[in-house]
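First comes the structure, then the notes that go with it.
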Amino acid sequence: MDDDRALAEVADRWLRIRRCRERFFPHELFDEFAWDMLMVLFVADANGRVTGVDDLMAQAAGRTPSGMRWIAYLEQQGEITRTDAPDGVTVSLTPASRERMREFLRAAGADDDAAR
């Protein structure tokens with residue numbers, strides 16, 4: 001889990017950079033809503049947080065109609081799962097998606113470190 005937290009720091013830094021970019025450029029120029037969702041879910045999971053659908057969409061900076069379509073698509077593709085909870089529907093990465101995200105972040109983090 002410690003490795004996941006370090007990887008989550010890489011993902012969280014990229015998410016913060018994307019949110020900063022949106023202060024200067026229109027969101028529509030760089031829309032990667034589904035990718036942001038996967039990164040948000042990885043960060044939440046690594047930090048032991050449960051993510052609801054509304055929270056996921058707010059953190060991924062998307063709109064509700066398109067967000068729900070992406071959630072359905074990501075679930076259909078086996079990237080995420082939805083679970084009914086007492087306080088609403090939660091969303092999480094599937095084990096396979098979580099492992100691919102780990103592999104990606106390790107590779108990207110190594111590239112990021114090499115660029116410094």
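For LEU29 and GLU103 in the same chain, what is the full-extension length gain: residue separation times 0.36 nm, less their Cα-Cα distance, in nm?
Taking 0.36 nm per residue and subtracting the Cα distance, the gain is 23.9 nm.
For the stretch 10-25, what does the Karplus curve 6.51 cos²θ - 1.76 cosθ + 1.60, with θ = phi - 60°, yield as ³J(HN,Hα) per residue in whole Hz, taken in order and with x for Gly and Pro?
5, 4, 5, 4, 5, 5, 5, 4, 4, 5, 5, 4, 5, 6, 10, 10
Can you find, among ALA85, ASN47, SER66, the residue farthest towards the positive end of the dipole of the stretch 2-114? Put +1 on the C-beta of Lys and Arg, -1 on that of Asp and Glu.
Of ALA85, ASN47, SER66, it is SER66.
Let me know the charge dipole size of the stretch 67-108 about its Cα centre in debye, to the nearest 20, where only the beta-carbon of Lys, Arg (+1) and Asp, Glu (-1) is charged. Show your work: numbers first, answer last.
Details: 6 positive and 6 negative charges, 40 e Å.
In debye, rounded to 20, the stretch 67-108 gives about 200.
Got a sec? How would GLU99, GLU75 order by Cβ neighbour count within 10 Å, fewest to most?
With the sparsest Cβ surroundings first, the list reads GLU99, GLU75.
I'm spelling it out carefully: the read-out is Rg and Dmax of the Cα atoms in Å, the candidates are [x] 14.1, 46; [y] 16.3, 52; [z] 17.4, 60, and one was derived from this structure. Which label?
Matching entry in [x] 14.1, 46; [y] 16.3, 52; [z] 17.4, 60: [x].
Based solely on its DSSP helices, what 222 nm [θ] is calculated for the chain when runs of n ≥ 4 H residues each add -39,500 (n - 2.57) and the sum is averaged over all residues, nearest 500 deg cm²/dmol?
Calculated mean residue ellipticity at 222 nm is -21000 deg cm²/dmol.
Karplus couplings for the stretch 71-78 from phi (6.51 cos²θ - 1.76 cosθ + 1.60, θ = phi - 60°), rounded to Hz, Gly and Pro as x?
After applying 6.51 cos²θ - 1.76 cosθ + 1.60, I find 4, 4, 5, 4, 5, 4, 7, x Hz.
Among GLY88, GLY67, GLY52, which one moves the most in a GNM of the chain with springs linking Cα atoms closer than 10 Å?
GLY88
Rounded to the nearest 20 debye, what is the charge dipole size of the stretch 2-114 about its Cα centre when +1 sits on each Lys and Arg Cβ and -1 on each Asp and Glu Cβ? Each step should come with its number before you reach the end.
Values: 15 positive and 22 negative charges, 56 e Å.
Around 260 debye, computed over the stretch 2-114.
Before anything else, pin down the relative contact order of the chain: Cα pairs under 8 Å, at least 6 apart, normalised by residue count, whole percent.
28 percent
Got a sec to turn the phi values of the stretch 35-48 into Karplus ³J(HN,Hα) couplings, 6.51 cos²θ - 1.76 cosθ + 1.60 with θ = phi - 60°, whole Hz, x for Gly and Pro?
5, 4, 4, 4, 5, 4, 5, 5, 4, 4, 4, 4, 9, x
Just so you know, all these numbers are worked out from the coordinates, no wet-lab data involved. If you're wondering where the values come from, they're calculated on a predicted model, not measured in any experiment. Every residue, glycine among them, receives a Cβ derived from its backbone with ideal geometry; neighbour counts consider all protein chains shown.
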